[in-house]
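A quick write-up on the structure given underneath.
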Amino acid sequence: MITRFAPSPTGPLHLGHAYSALLAYDMALEAGGDFLLRIEDIDQSRARPEWETQIFDDLKWLGLWWPEPVMRQSDRLGVYHDKLRWLWNHGYAFACSCSRRDIQNAMSAPQEGVSHGPDGLIYPGTCRAHHCQGSTVPFPENTAIRLSIEAVARKHGSALTGAETFSFVETGEGPNGETGLIEFTLEDAIKTIGDVVLARRDMGTSYHLSVVLDDAKQGITHVVRGQDLFEATKIHVILQRILKLPTPMYHHHKLIRDDAGKRLAKRDDARAISKYRQDGASPDDIRAWVGF
Ligand code: GLU
């Protein structure tokens, strides 16, 4: 078993991160496997070296150990770019110049069904009309690039009526208790996920594209992470199918909430691990607080 913890160095680690990291670590250890660390710093406008240093310090203090060198996403931008071009050349992607406001306006007409997916508003398809021409059109620079789920359906010979199902194994639990074999169709994906961004204009990649390529590169067998990423897993499974990468098992875990029941956020400094350390807590106290 190979698990990983993949924090973004954009703020202090809090109790929710401690839970995720400890769970991934314990699972790997119990199985006689490996626990890997990966720094997800594609958002260079928010990532800071001092947060990265604090992540290492906090995790070591918690008693975690991982092999060096640590994978850092900012070292892999070339890999992401090559795969993005491959997706473009094979007609899976289209350029999108919509602003957030454009998407909101297009959505303001009454809609049926779900309007929010893992990345916020589900893309209404504005730029899809002139889409996915593949290598007949030069790769666009300085534009966001989206995955066309319709193109995936066409190319994988599955009618949108959902003849072909996609699946992954969930060993934890989704937000609505989903567990075991999770199956979905591309029709579901169009409704609940939409054409997600594969590359942001300012980054040349996205969380989804990078995480799928990195999990495969690191040979991760069990992805341990919070339930908030359960729906995003469907995007990852679709990308794994297109890119011919293995689908690992997924273990989504409960989210650690504050006393008011609100999910902890990076800016929630009061629950930063470093704050508890300064106040004299022990790693065992942290384990107990998050419910080990
Ligand atoms: N970098 C992500 C975060 O800090 C975690 C992504 C993942 O575990 O897939 O929320």
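The values are calculated or read from the model by the stated rules, or taken from the named source; none is laboratory data. This structure is a prediction, so every number in the text was calculated from the model and none was measured. For neighbour counting, all protein chains shown are included, and Cβ atoms are generated from backbone atoms with ideal geometry for every residue, glycine included. Each accessible area value is taken on the protein alone, full model and side chains, heavy atoms only, with ligands, DNA and RNA left out. Shrake-Rupley method; radii C 1.70, N 1.55, O 1.52, S 1.80 Å.
Of the conditions (1) open to solvent by less than 60 Å² (accessible area, probe 1.4 Å); (2) in contact with a Leu (Cβ under 8 Å, 6 or more places away or on another chain); (3) at pLDDT 80 or above, Lys83 fails just one. Which one is it?
(1)
Does Ile103 fit the bill of being modelled with pLDDT of 95 or more, over 23 Å from Ile242 (Cα atoms) and surrounded by 15 or more Cβ atoms within 10 Å (Cβ to Cβ)?
So Ile103 fails the test.
For segment 35-91, what are the residues that are within 22 Å of the chain's Cα centre (by Cα) and among the aromatic types (Phe, Trp, Tyr)?
Scanning segment 35-91 gives Phe35, Trp51, Phe56, Trp66, Tyr80, Trp86, Trp88.
Can you tell me how many residues in segment 111-141 are at pLDDT below 75, hydrophobic (A, V, I, L, M, F, W, C) and surrounded by 15 or more Cβ atoms within 10 Å (Cβ to Cβ)?
1
For Gly91, state whether it is touching a Phe, Trp or Tyr at 6+ places or on another chain (Cβ under 9 Å), open to solvent by less than 30 Å² (accessible area, probe 1.4 Å), at pLDDT below 95 and assigned to a loop (DSSP other than H, G, I, E, B).
no
Check Thr53 against each of (1) in a helix (DSSP H, G or I); (2) at pLDDT 80 or above; (3) of a type in the set (Val, Ile, Thr); (4) surrounded by 13 or more Cβ atoms within 10 Å (Cβ to Cβ) and name the one condition it does not meet.
Failing condition for Thr53: (4).
Yes or no: segment 217-226 includes at least one residue that is without any contact (Cβ under 8 Å) to a residue 40 or more places away in the chain and touching a strand residue (DSSP E or B) at 6+ places or on another chain (Cβ under 6 Å). Spell out the reasoning first.
Our first condition is that a residue be without any contact (Cβ under 8 Å) to a residue 40 or more places away in the chain; within segment 217-226, this holds for none.
There is no residue in segment 217-226 that is without any contact (Cβ under 8 Å) to a residue 40 or more places away in the chain and touching a strand residue (DSSP E or B) at 6+ places or on another chain (Cβ under 6 Å).
Those residues that are among the polar types (S, T, N, Q) and within 16 Å of the ligand (Cβ to nearest atom), I need them from segment 186-229; list them, please.
Scanning segment 186-229 gives Thr205, Ser206, Ser210, Gln218, Thr221, Gln227.
For segment 172-188, which positions are within 16 Å of the chain's Cα centre (by Cα) and open to solvent by less than 60 Å² (accessible area, probe 1.4 Å)?
Residue satisfying the conditions is Gly174 alone.
Among what's in segment 9-49 and is closer than 27 Å to Arg201 by Cβ and open to solvent by 40 Å² or more (accessible area, probe 1.4 Å), pick the residue that is nearest to the ligand (Cβ to nearest atom).
Step one: list which residues in segment 9-49 are closer than 27 Å to Arg201 by Cβ, which gives 9-11, 38-49.
Okay, now just the ones that are also open to solvent by 40 Å² or more (accessible area, probe 1.4 Å), so 44-46, 48-49.
On the way: Gln44: 14, Ser45: 15, Arg46: 11, Arg48: 14, Pro49: 17 Å.
Only one residue fits best here, namely Arg46.
Considering segment 210-225 alone, what residues qualify as being surrounded by fewer than 20 Cβ atoms within 10 Å (Cβ to Cβ) and either touching a Ser or Thr at 6+ places or on another chain (Cβ under 8 Å) or not charged (D, E, K, R) (or both)?
The answer is Ala216, Gln218, Gly219, Thr221.
Checking the condition open to solvent by less than 40 Å² (accessible area, probe 1.4 Å), away from the ligand (no atom under 13 Å from the Cβ), over 22 Å from Ser8 (Cα atoms) and touching a strand residue (DSSP E or B) at 6+ places or on another chain (Cβ under 7 Å), which residue from Ile238, Ile242 passes?
Ile238
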